[in-house]
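J.: First, the structure itself, so that you have it in front of you.
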Amino acid sequence: MSQRTLVTGGAGFIGSHLVERLLEGGDEVFVVDDLSTGSLDNLAAVREHPKLHLAVDTILNHPMMMDAVGKVDRVVHLAAAVGVHKIIEEPVETITTNVRGSEIVLDCCHEQDRPLFVASTSEIYGKAGDRLHEDHDRLMGSVAHRRWAYACTKTLDEFLALAYYHDKGLPVIVARFFNTVGPRQSGQWGMVLPSFVGAAVRDEPITVYGTGEQRRCFCHVQDTVGAVLGLLENEEAWEGGVFNIGHEREISIRELAELVKERTGSASEIRFVSYEEAYGEGFEDMERRQPDTGRIQKQIGWVPERTLDAIIDETIAYARREMAAA
Ligand code: UDP
């Protein structure tokens, strides 16, 4: 059934794909985005759509948010400070946006009784590792490592959202996105696949941080958005459901670099760079981060469809188009 949906961060990488799919489904879509990491270009295909309403503003603007939430039936809260480089370089902005911003969104939803879908992150598991079930213990590094601030802010968002559900009866869903990739993701904020592909199509060095033996799982953004849409339509999920969204297939970052080089036919050198050189002193990475997605599969029958090869090829085609247009 078509609804009025507010998407915070709707001009971002995941947000813009979600907005397009909601509009295709007949929803009236309201977007609030401050364009900090998002971009109007991401919404180029739907900018003139009669059912799209765009506000370039920050979720920290409480009165504006109260007004925006009042206009819709449900809210999808994606707006956040993201990207490992950004989090290390702009810790105050990160913490403020992710904590105060989410408090404001939750307050507006509670005041006006609007169900809220909160985007969280696999980062909240910290260094915990493989086969991460939703109830897995979390393992945070030292406060000396700025990276963990992001995980802590998103963990607080989760606690707060679930507290609103349990104590005040606000319908909420919490979704933890694992590494998500696809067209429109920028390498500017340090995300690995667009960085590798961007370098490969230019025959520039592909820089692998650390040993490259660290492993990740990559899910195509359209599969991720399919999971979000499935959860939004699932009545039981709104009862404070917490779900991992990601692909279970793991690959090492070194293998990823080799695969990107092979599939672009690039002459790029694969260069190994220390974490200190890449992120500065005292950085800490996790060796593995693999989801167990059994819960969402059971809840809505979701499994990601795209293979990593297909994802890489699409990312390459996108990067080449962008390069040609520049
Ligand atoms: N990485 C890399 N080269 C890059 C960017 C990232 O080797 O140009 C590594 C990074 O250190 C991490 C992995 O790739 O081990 C994934 O990084 P990303 O920032 O995309 O996501 P994360 O999983 O760390 O949140």
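The values are calculated or read from the model by the stated rules, or taken from the named source; none is laboratory data. Everything quoted here is computed from the prediction, not taken from an experiment. Every residue, glycine among them, receives a Cβ derived from its backbone with ideal geometry; neighbour counts consider all protein chains shown.
J.: Sort out which residues of region 258-283 are hydrophobic (A, V, I, L, M, F, W, C) and either modelled with pLDDT under 95 or under 25 Å from Gly141 (Cβ atoms) (or both), and write them in order of number.
T.: Passing the criteria: Phe272, Val273, Ala278, Phe283.
J.: For Gly70, indicate whether it is among the small types (Gly, Ala, Ser) and either touching a helix residue (DSSP H, G or I) at 6+ places or on another chain (Cβ under 8 Å) or more than 16 Å from the ligand (Cβ to nearest atom) (or both).
T.: yes
J.: Considering region 259-283 alone, what residues qualify as being part of a loop (DSSP other than H, G, I, E, B), more than 10 Å from the ligand (Cβ to nearest atom) and touching a residue at least 12 places away in the same chain (Cβ under 8 Å)?
T.: Ser266, Ala267, Ser268, Glu269, Ser274, Gly280, Gly282, listed by residue number.
J.: For residues in region 1-53 being of a type in the set (Lys, Arg) and not in a loop (DSSP other than H, G, I, E, B), which is farthest from Thr315 (Cα to Cα)?
T.: Arg4
J.: For the list (1) in contact (Cβ under 8 Å) with a residue 12 or more places away in the chain; (2) in a helix (DSSP H, G or I), I need the number of the one condition that Trp302 fails.
T.: Only one criterion is unmet by Trp302, namely (2).
J.: Right, here's the next one. Considering only region 166-187, state which residues are touching a Pro at 6+ places or on another chain (Cβ under 8 Å) and surrounded by fewer than 20 Cβ atoms within 10 Å (Cβ to Cβ).
T.: Pro171, Ser186, Gly187, listed by residue number.
J.: On to the next question. Wholly within region 177-258, which strands (runs of 3 or more DSSP E) include no fewer than the required count, namely at least 2 residues that are among the hydroxyl-bearing types (Ser, Thr, Tyr) and either near the ligand (Cβ under 8 Å from one of its atoms) or without any contact (Cβ under 8 Å) to a residue 12 or more places away in the chain (or both)?
T.: 206-209
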